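Peer 1: Have a look at this one.
The values are calculated or read from the model by the stated rules, or taken from the named source; none is laboratory data. Keep in mind that this is a model prediction, so the values were computed, not measured. Methodologically, a virtual Cβ is constructed for each residue, glycine included, from the backbone with ideal geometry; neighbour enumeration extends over all protein chains shown. SASA here: full protein model, heavy atoms, side chains in, ligands and nucleic acids out. Shrake-Rupley method; radii C 1.70, N 1.55, O 1.52, S 1.80 Å.
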Amino acid sequence: MKPLNTQQLVGLRNLHTWLTWLASPFLLVVTLTGMLYALNPQIEWWQTSHLTSVQGKGTSLPLNALVEAGQSLMQPGYTLHSATIPANPQTQSLQLNWIPVENKTHAQNRGEHAGHGGSGMRKSGRPAFVLPDNTLIQYVDPHNGSVIGQMALADQFAQWSKRLHSRLLAGKALRWVSELAATALFWMLVTGVWLWALGPTVSQHKSRLKRWHIGMGLGFAAFTVVMTATGLTWSEYAGQQVRTLVKATGQSAPKIPGKLHSTESPAGQALWGWNDALAKTRQLAGPVEILLIPPGPGHNYWLAIGSNPAEPTHRFDLALDASDGQILYRSTWANQTLFGKATAIGIPFHRGEFGLWNQLLLMAFGGFVLFALGSAWTLQFGRRRCNGVWFNPSAEALHRVLPKSFMAAWLMTSALLPLSLPLGGVVLLLDRIRRQG
């Protein structure tokens, strides 16, 4: 690589400074809300432990009896979407997931796709594996069938903190905030590492704070890449580009075919029930948490998945014939693509779902981002106090001095990070205004 001249190094430093200025408010919000989101397990335990925890009292009742007990006490206007069966029924309650009848009917008529805030039905009329926001969860004691209580999914702290972190509680209208913060953080890392590699060594900097700023930036460089990459995979604009690329390269996760059908049962023969479906699933999957979806309009077979994100290698998708329990479709960890395995590990890691060690790492990363922003602003104010300027006044305009290799990388990366282009445009516009002012 051709060495950079002084003007180019100064231009990179000014670009790094502009990115810090522009991204600080967004990064501050996303970092603080992310650190709050990482506390989900502790806060959720405080909020819902009286609903999710039970005392071991021997053998659990059959699943169909538990479902009937929940149905008998459920208010009108709801239909059963699925049951979440715990891995350890001795200490954990069964969850029955209910959705409003009118939303289900409306979705079937319109063929809407499920998702957060969706109706819980796919285009084929088959229920989605992701519970919609309007789900009402009923908690049932597996030992005696008593309904402990119920809670709307949207009222759980985990759902609230997720909406706060990803879109500031404002729906899709503000999803760009977290995406812009992640994009800017990526480019701050790139420009910072480039300056470190081609500029003065860390030991040559007189300011101890600057040495710490550089040292911690380098120390958390790999972690920063992991956090930005995993966060951007489910973002609005970059996420769509990633999904397009994944599909084009054949890395899409295996999906249950849309045209599966159970065989016709002989007259008078009862279809499989909850007990049979659970027993077959347990036989195939073992003692893991299971989301079990009964047959219904649009699909006449049982659906089951391993629903605990903290156990990605135990993830499975299963479709069972409703008449005899034959396997219509099955995929396991071994069937996942490389990208599917990476996201199955990376996304729960980003959310801190692998336990206390994972949460502590996220807290450390959040502390690093806050320190990086605080030290950057402190250094900028120190430069202003000493020199009377925020930027190097002798630098040429950014669009003339930035290395061509850097500009090419920016343009190519913008295919996956679409907000890079408007971010770069704002930087160049502000730099031009500064030079003309």
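Peer 1: May I ask you to say which residue of LEU27, LEU15, LEU36 is farther than 30 Å from TYR139 by Cα, in contact with a Ser or Thr (Cβ under 6 Å, 6 or more places away or on another chain) and in contact (Cβ under 8 Å) with a residue 40 or more places away in the chain? It would help to see each step written out before you state the result.
Peer 2: On the way: LEU27 fails: in contact with a Ser or Thr (Cβ under 6 Å, 6 or more places away or on another chain); LEU36 fails: farther than 30 Å from TYR139 by Cα.
Only one candidate qualifies: LEU15.
Peer 1: Can you work out which of the residues in region 43-65 that are among the hydrophobic types (A, V, I, L, M, F, W, C) and within 32 Å of the chain's Cα centre (by Cα) is most open to solvent (accessible area, probe 1.4 Å)?
Peer 2: Just the residues of region 43-65 that are among the hydrophobic types (A, V, I, L, M, F, W, C), to begin with: 43, 45-46, 51, 54, 61, 63, 65.
Now narrow it down to the ones that are within 32 Å of the chain's Cα centre (by Cα): 43, 45-46, 51, 54, 63.
Details: ILE43: 47, TRP45: 168, TRP46: 196, LEU51: 8, VAL54: 16, LEU63: 12 Å².
Selected residue: TRP46.
Peer 1: Only one of GLY325, GLY298 is open to solvent by 10 Å² or more (accessible area, probe 1.4 Å), more than 26 Å from GLY239 (Cβ to Cβ) and in contact (Cβ under 8 Å) with a residue 12 or more places away in the chain; which? So that I can check it myself, show each step before the final result.
Peer 2: Details: GLY325 fails: open to solvent by 10 Å² or more (accessible area, probe 1.4 Å).
None of the others qualify; the one that does is GLY298.
Peer 1: Now for a separate question. How about region 219-237: which of its residues are closer than 21 Å to LEU174 by Cβ and either in a helix (DSSP H, G or I) or over 11 Å from the mean Cα position of the chain (by Cα) (or both)?
Peer 2: Scanning region 219-237 gives MET227, THR228, THR230, GLY231, LEU232, GLU236, TYR237.
Peer 1: Could you tell me which numbered condition ALA342 fails, if it satisfies all but one of (1) among the small types (Gly, Ala, Ser); (2) over 28 Å from LEU260 (Cα atoms); (3) touching a residue at least 60 places away in the same chain (Cβ under 8 Å)?
Peer 2: Just one mismatch for ALA342, condition (3).
Peer 1: So if I check each of GLY258, GLY250, GLY231, GLY239, which one is out of contact with any strand residue (DSSP E or B) (no Cβ under 7 Å at 6 or more places or on another chain), closer than 24 Å to ASN300 by Cβ and among the small types (Gly, Ala, Ser)? Before the answer, list the steps.
Peer 2: Numbers: GLY250 fails: closer than 24 Å to ASN300 by Cβ; GLY231 fails: closer than 24 Å to ASN300 by Cβ; GLY239 fails: closer than 24 Å to ASN300 by Cβ.
Testing whether each residue is out of contact with any strand residue (DSSP E or B) (no Cβ under 7 Å at 6 or more places or on another chain), closer than 24 Å to ASN300 by Cβ and among the small types (Gly, Ala, Ser) leaves just GLY258.
Peer 1: The conditions are (1) open to solvent by less than 70 Å² (accessible area, probe 1.4 Å); (2) in contact with a strand residue (DSSP E or B) (Cβ under 7 Å, 6 or more places away or on another chain), and PRO309 fails exactly one of them. Which is it?
Peer 2: Evaluating PRO309 over (1) open to solvent by less than 70 Å² (accessible area, probe 1.4 Å); (2) in contact with a strand residue (DSSP E or B) (Cβ under 7 Å, 6 or more places away or on another chain) leaves (2) as the failure.
Peer 1: Another question, then. I'm trying to understand the selection: among the residues of region 407-437, which are closer than 19 Å to GLN8 by Cβ and either part of a loop (DSSP other than H, G, I, E, B) or of a type in the set (Lys, Arg) (or both)?
Peer 2: Selection gives ARG432, ARG434, ARG435.
Peer 1: Under the condition of being closer than 25 Å to TRP377 by Cβ and of a type in the set (D, E, K, R), which residue from region 206-253 is surrounded by the most Cβ atoms within 10 Å (Cβ to Cβ)?
Peer 2: LYS210
Peer 1: I've got another one for you. Looking at region 65-79, which of its residues are of a type in the set (S, T, N, Q) and part of a helix (DSSP H, G or I)?
Peer 2: Narrowing region 65-79 to residues of a type in the set (S, T, N, Q): 71-72, 75, 79.
GLN71, SER72 - these are the residues of region 65-79 that are of a type in the set (S, T, N, Q) and part of a helix (DSSP H, G or I).
Peer 1: Looking for whichever is over 30 Å from the mean Cα position of the chain (by Cα), at pLDDT 75 or above and small (Gly, Ala, Ser) here; the options are ALA376, ALA397, ALA408. Which one fits? Let's see the steps before the verdict.
Peer 2: Working: ALA376 fails: over 30 Å from the mean Cα position of the chain (by Cα); ALA408 fails: over 30 Å from the mean Cα position of the chain (by Cα).
Being over 30 Å from the mean Cα position of the chain (by Cα), at pLDDT 75 or above and small (Gly, Ala, Ser) holds for just one of ALA376, ALA397, ALA408, which is ALA397.
Peer 1: Would you mind stating whether SER166 is in a helix (DSSP H, G or I), touching a helix residue (DSSP H, G or I) at 6+ places or on another chain (Cβ under 8 Å), among the small types (Gly, Ala, Ser) and open to solvent by 20 Å² or more (accessible area, probe 1.4 Å)? If you could, list the steps in order and put the result at the bottom.
Peer 2: Details: in a helix (DSSP H, G or I): yes; touching a helix residue (DSSP H, G or I) at 6+ places or on another chain (Cβ under 8 Å): yes; among the small types (Gly, Ala, Ser): yes; open to solvent by 20 Å² or more (accessible area, probe 1.4 Å): yes.
So SER166 fits the description; yes.
Peer 1: Looking only at region 69-94, how many residues end up being touching a Phe, Trp or Tyr at 6+ places or on another chain (Cβ under 7 Å) and open to solvent by 40 Å² or more (accessible area, probe 1.4 Å)?
Peer 2: Adding up the residues that qualify gives 1.
Peer 1: Have a look at LEU27, LEU32, LEU36 and point out the one that is open to solvent by 60 Å² or more (accessible area, probe 1.4 Å), modelled with pLDDT of 95 or more and in a helix (DSSP H, G or I). Spell out how you get there, then give the answer.
Peer 2: Working: LEU27 fails: open to solvent by 60 Å² or more (accessible area, probe 1.4 Å); LEU36 fails: open to solvent by 60 Å² or more (accessible area, probe 1.4 Å).
None of the other options fit; the residue is LEU32.
Peer 1: I've got another one for you. Could you list, in sequence order, the residues of region 300-350 that are assigned to a loop (DSSP other than H, G, I, E, B) and charged (D, E, K, R)?
Peer 2: Looking only at region 300-350, we keep the residues that are assigned to a loop (DSSP other than H, G, I, E, B), and these are 300, 307-311, 315-316, 322-326, 332, 336-337.
Matches in region 300-350: GLU311, ARG315, ASP324.
Peer 1: May I pose another question? Which ones in region 43-101 are within 15 Å of ILE293 (Cα to Cα) and of a type in the set (Val, Ile, Thr)?
Peer 2: Scanning region 43-101 gives VAL67, THR79, THR84, ILE85, ILE99.
Peer 1: Being assigned to a helix (DSSP H, G or I) and among the basic types (Lys, Arg) is true for just one of LYS259, LYS247, LYS255. Which residue is that? Steps first, please.
Peer 2: Values: LYS259 fails: assigned to a helix (DSSP H, G or I); LYS255 fails: assigned to a helix (DSSP H, G or I).
Only one candidate passes the filter, namely LYS247.
Peer 1: Let me ask another. State whether the residues of region 101-110 include one that is part of a loop (DSSP other than H, G, I, E, B), modelled with pLDDT under 90, open to solvent by less than 60 Å² (accessible area, probe 1.4 Å) and within 20 Å of ALA152 (Cα to Cα). So that I can check it myself, show each step before the final result.
Peer 2: Filtering region 101-110 down to residues part of a loop (DSSP other than H, G, I, E, B) leaves none.
No, because not a single residue in region 101-110 is part of a loop (DSSP other than H, G, I, E, B), modelled with pLDDT under 90, open to solvent by less than 60 Å² (accessible area, probe 1.4 Å) and within 20 Å of ALA152 (Cα to Cα).
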